[in-house]
1. Of the residues that make up the stretch 134-150, is at least one over 26 Å from E240 (Cα atoms) and either in contact with a strand residue (DSSP E or B) (Cβ under 8 Å, 6 or more places away or on another chain) or touching a residue at least 40 places away in the same chain (Cβ under 8 Å) (or both)?
2. Restricting to the stretch 99-121, name every residue that is crowded, with 17+ Cβ neighbours inside 10 Å and without any contact (Cβ under 8 Å) to a residue 24 or more places away in the chain.
3. Of the residues that sit in the stretch 274-329 and are closer than 27 Å to L211 by Cβ and basic (K, R), which one is surrounded by the fewest Cβ atoms within 10 Å (Cβ to Cβ)?
4. Got a sec? Which of G78, G94 is of a type outside the set (A, V, I, L, M, F, W, C), loosely packed, with under 14 Cβ neighbours inside 10 Å and closer than 15 Å to G141 by Cβ?
5. May I ask you to verify whether L246 is outside any helix (DSSP H, G or I), assigned by TED's automatic domain parsing to the domain that holds Q107, buried (at least 20 other Cβ atoms within 10 Å of the Cβ) and among the aliphatic types (A, V, I, L, M)?
6. When only residues in the stretch 222-243 that are β-branched (V, I, T) and assigned to a strand (DSSP E or B) count, which is farthest from V262 (Cα to Cα)?
7. Condition first: in contact (Cβ under 8 Å) with a residue 60 or more places away in the chain, within 30 Å of P124 (Cα to Cα) and part of a strand (DSSP E or B). Can you find one or more residues in the stretch 65-86 that meet it?
8. Can you name the residue in the stretch 106-154 that is of a type in the set (A, V, I, L, M) and under 14 Å from the mean Cα position of the chain (by Cα) and is also nearest to S222 (Cα to Cα) among such residues?
Amino acid sequence: MCPRTGGSSYRAWRSHAIMMKIIEFQVRSEPFLKQQREQLLRETICMKEEFQFNGDTYVIDHLEIGPNSVERAPMPAGKYIAIPPPLGSTTPQGISLDPAHGARIAQVIHVHAAKLSDLSEDPPASILTTDITIFSRLWMGVSPTQSAHFGVQYDSLDIGPLLSSLPNAEQIEDKLNSIVAGLLDQGKINPKYPLEPLPPTETTEIDLSTLEKLLGAAPIVSNAGVTADTDGAALIFRIELQGPFLGSQAMWTDFYRTDVPVTLGDADWSVVVSPDVFVRATELKIMAGLSQAKVEGKFEATDSGPAATWQPDRPGLDIAFSGLVPDACPGFVGP
């Protein structure tokens, strides 16, 4: 378990998560951004739109992939989260957090245009360069089979002040949108995820099968989400298992509306696991051992234990249970 640094934000996270099963994975944004940029570099992007500028006719000669970055941004449709069922019901409920902040990629594209009269020259004598920005939203949610999925969703396009000022700006923007939509997932509503606002049409399932032994049961995802820190240097993926719990709404509200503490330190990645994951897993293992001991006539529990308690200062667990050991002292007899 990777310990978080101190502070009120950490204490708030810990108070929400102490009785929940939360796994949080944090990574530096830079490797992820590099991968996304390299994916675009492998694409062939062609565009030959013409426009008038300062009395001359220009044609877009080529597009060049520029730098990219991660930024926190409002989710236009909010974020769906599951919350515990109301009193007297066993069916979990759901609400949409709005406002909510997630993470998106801002990808700069350098647009190089040449005078139509100079196209016969190589390279053209007059080159006009301007920038556009593609925004793609990072999406993480829960499928109807209660597994966690992740995807990148094309969001919007900013064609910049120069292209926006042209008479055929709308035509150019539509053409650019068409090109970008062909390269990136459009993010239309997918019936596989009816509870999530605008999930991508293609997502990747996050493999949690290795947690089954730790949890004592197959992992069931109740909530999942992704956000970024304030300067976009870290991406934060959080998964809630076997819930939702009483503190789920408050914990996820903090996740999407406040600054999530970054646990990376000098590392490229970190994993934070809430204590209850270990607590329940330990209780289940000891319970199985005690049940086997009872079958073999070696031990019989006399209370509802075992009860495990997380001790963060060590860190470790205290486990309490009581019972009878048959024939433990054969030399003693009763009155």
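The values are calculated or read from the model by the stated rules, or taken from the named source; none is laboratory data. Computed from a prediction, not measured in an experiment: that's the story for all the values here. Here the Cβ positions follow ideal geometry from the backbone for every residue, glycine too, while neighbour counts run over all protein chains shown.
1. Scanning the stretch 134-150, I find at least one residue that is over 26 Å from E240 (Cα atoms) and either in contact with a strand residue (DSSP E or B) (Cβ under 8 Å, 6 or more places away or on another chain) or touching a residue at least 40 places away in the same chain (Cβ under 8 Å) (or both), so the answer is yes.
2. Correct list: D118 only.
3. Per the criteria, the residue is R314.
4. G94
5. No; evaluated as a whole, the condition is false for this residue.
6. Step by step, filter the stretch 222-243, then rank; the result is I239.
7. yes
8. Ranking the candidates gives V142 first.
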